[in-house]
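Below is one structure; the comments refer to it alone.
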Amino acid sequence: MNNKTDNPTEKKLVKEILSMKKKRGAVILAHVYQPGEIQDIADFTGDSLFLSQQAAKTQAKVIVFCGVRFMAETASILSPEKIVLLPEINAGCPLADMAPSEKVKSKIKELPEAVVVSYVNSSAVVKSLSDYCCTSANAVQIAQSIPAEKEILFLPDMNLADFTAKKAKRKIIPWPGFCPTHHLLTREDVIKAKKLHPQALLLVHPECRPEVCDLADYIGSTRGIIEFASNNPAKEYIIGTELGIFHPLKKNNPNKKFFPASENMICRNMKLITLEKVLYSLQNLEPLITVPEEISKKSLKALNRMIEIT
Ligand code: 13P
């Protein structure tokens, strides 16, 4: 938690949030794609894997998840006895929506021998149909834990599937989904950015297209990108992921320069959460995210397998 705003309205809101948080015994988790002022009031910020680990082990009674719906659902599956709040109920994920459960069910029927690995960016029902979950930080590790002779149905992100298949050397059948924010980044955008900043290293998220990943110096989760930039001596970086990541990158590395691979890499859903909505959530204990018990129990198996392997 690190909010040092000079804006009096924001200051007042932050004060109210902190006092309400204490009253409720709540913890605030924020993904690094969240607006900067939300990341600054969070107890923990990070990538999907780190936040799900925090959700699984927190002692807090209430989890305020500043992210998108699948993240809050994952927290609820991992900690079903907790009150999980998503301050904006309409914060969804178009990638998760590209794998509707009925279509996933029929694909699984077509491929009875395949091991089903679903990216955490999927609905709770899709997770419940899966053998394993994974995040962008551990997809390769999860795939490598599956015997090489097995076919893997990987959903819903085809770009992450491609990256995982190449790295893990596994036979992967990709689901034809993609994250619109990452998929919009083209090879031409990257070549242009590299020409403008010839000294900069290119760091991208594996949800980017394969031809973009081919040009990268490093491919990793948002946490991986932050760690790479913080630990590497290079002074300039071109970043190929959602622009919210510039907040921790700049904060942790005031002497380094960061340039977006494309100014258009903005996830509108991630930007729906505001300080006012976080306060409302804490005051009213809503919007509440719950997952039906049967789905939650089945999804938990796939999530726990991931957590054990990682
Ligand atoms: P991370 O696994 O890096 O948090 O990525 C999450 C995500 O939603 C990317 O679009």
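Please work out the Cα center distance from region 1-72 to region 225-281, rounded to the nearest Å.
Result: 16 Å between the Cα centres.
Per residue, how large is the accessible surface of the chain? Use a 1.4 angstrom probe and give square angstrom.
Ligands and nucleic acids excluded, the figure is 45 Å² per residue.
Relative contact order for region 169-308: what is it in percent, counting Cα pairs under 8 Å that are at least 6 residues apart?
Once normalised by length, the contact order is 21 percent.
In the structure displayed, which of Lys23/Lys271; Lys192/Lys257; Lys57/Lys301; Lys82/Lys251 lie more than 20 Å apart, Cα to Cα?
Over 20 Å Cα-Cα: Lys23/Lys271; Lys82/Lys251.
Using amide H atoms built in the peptide plane, which far-off residues or other-chain residues are under 5 Å from Leu153 H to H?
Residues meeting the criterion, in which the H sits 1.01 Å from N, are Val115, Val116, Val117, Ile173.
With an 8 Å Cα cut-off and a minimum separation of 6 or more residues, compute the relative contact order for the chain in percent.
Relative contact order, the chain: 22 percent.
So what are the ³J(HN,Hα) numbers for region 28-40, from phi and the Karplus equation (6.51, -1.76, 1.60; θ = phi - 60°), rounded to whole Hz, Gly and Pro as x?
For region 28-40, the Karplus curve yields 10, 10, 9, 6, 6, 8, 6, x, x, 5, 6, 4, 6 Hz.
Whole percent per 5 Å bin, from 0 to the bin with the longest distance: what is P(r) over all C-alpha pairs of region 85-170?
Bins of 5 Å from zero give 3, 15, 25, 24, 18, 8, 4, 2, 0 percent of pairs.
Whole number please: convex hull volume per residue, Cα atoms of the chain, in Å³.
Spread over its residues, the Cα hull of the chain gives 123 Å³ apiece.
Could you please state how large a percent of the accessible area of the chain is carbon and sulfur, counting protein chains only and using a 1.4 Å probe?
52 percent
Over region 74-157, what is the mean sequence separation of C-alpha contacts under 8 Å (at least six apart), divided by residue count, expressed as relative contact order in percent?
31 percent
The values are calculated or read from the model by the stated rules, or taken from the named source; none is laboratory data. Only a predicted model underlies this, so the values are computations on that prediction, with no experimental measurement involved. Remember, those area values only see protein heavy atoms, side chains included, never the ligands or the DNA or RNA. Shrake-Rupley method; radii C 1.70, N 1.55, O 1.52, S 1.80 Å.
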